[in-house]
């Protein structure tokens with residue numbers, strides 16, 4: 001029984017690193033939108049299911065959070081947040 005409790009409490013979590021550009025975009029967002037993005041990143045880091053797709057022609061992935069998108073580079077144990085923002089402008093380079 002104790003082993004089951006220990007196994008359930010152990011969660012493999014990825015480390016999230018946010019780029020300077022993404023941090024700037026997040027700081028300009030409304031607090032509710034920013035909190036939703038952080039919550040979705042935490043869920044992904046904990047291995048919970050999120051709406052994620054690989055971007056065509058790039059090595060990055062996108063996570064959908066309502067009308068916002070998060071562009072990430074999943075490097076295994078480390079997830080680098082490249083950019084975060086509204087759907088329409090997030091994909092422009």
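Since every read-out is calculated from the coordinates, none of them should be taken as a lab result. This is a predicted model, so every value here is computed, not measured.
Take the alpha carbon gyration tensor of the range 13-90, find the square roots of its eigenvalues, order them as a ≥ b ≥ c, and report rounded if a/c is under 1.5; if not, report prolate when a/b exceeds b/c, else oblate. Judged from the Cα gyration tensor, the range 13-90 comes out rounded (a/c under 1.5). Antiparallel as a % of all DSSP beta bridges within the range 13-90, to the nearest 5? Beta bridges within the range 13-90, antiparallel portion: roughly 80 percent.
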